[in-house]
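Values quoted throughout were computed directly from the atomic coordinates according to the rules given, and no laboratory measurement underlies them. Nothing here was measured: the structure is a model prediction, and the numbers come from that model. Cβ placement follows ideal geometry from the backbone for every residue including glycine, while neighbour counts extend to all protein chains displayed.
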Amino acid sequence: MARGIVVVELEFNRLPEIRAALRPMASQVVRKTAFDVEAGAKERSRVDTGNMKNGWQTEMEGDLTAVVYNNVEYVIYHEFGTRKMSAQPMATPAAEEARPGFVAAMKELFE
């Protein structure tokens, strides 16, 4: 009596559709966090002429990357200090303050 072997393979991969559904929501989280960082940096900016405070900008680079920056040439000296001037950080503490909200929002997407 011959024995037959039956192999059944089922492939059920919904990862591409889950990824497509999560991407717009993750993009909103990234955008909101970036604007929160920008607002925090503006709040912490020293105001003499207002250039540094008004120089903060946010740009989205694709769906999941945001860049918060300031083109005022002396911002880096305030952020990190010099040998004669202590640091007055703006962007770093703003990003650290926004981190818990970002992490919580991203975790919520995957629950």
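Of all residues in the range 84-99 being within 14 Å of residue 74 (Cα to Cα) and in contact with a helix residue (DSSP H, G or I) (Cβ under 7 Å, 6 or more places away or on another chain), which is surrounded by the most Cβ atoms within 10 Å (Cβ to Cβ)?
Only one residue tops the list, namely 90.
For the chain, list the helices (runs of 4 or more DSSP H) that sit wholly inside it and hold at least 2 residues that are in contact with a Gly (Cβ under 9 Å, 6 or more places away or on another chain); which are they?
Fully inside the chain and qualifying: 15-44, 91-109.
Which residue is surrounded by the most Cβ atoms within 10 Å (Cβ to Cβ), if the candidates are limited to the range 55-71 and must be farther than 20 Å from residue 97 by Cβ and touching a strand residue (DSSP E or B) at 6+ places or on another chain (Cβ under 9 Å)?
Among them, the one singled out is 60.
Determine if the range 40-53 includes at least one residue that is closer than 19 Å to residue 98 by Cβ, without any contact (Cβ under 8 Å) to a residue 12 or more places away in the chain and loosely packed, with under 15 Cβ neighbours inside 10 Å.
So far as the range 40-53 goes, no, none of its residues is closer than 19 Å to residue 98 by Cβ, without any contact (Cβ under 8 Å) to a residue 12 or more places away in the chain and loosely packed, with under 15 Cβ neighbours inside 10 Å.
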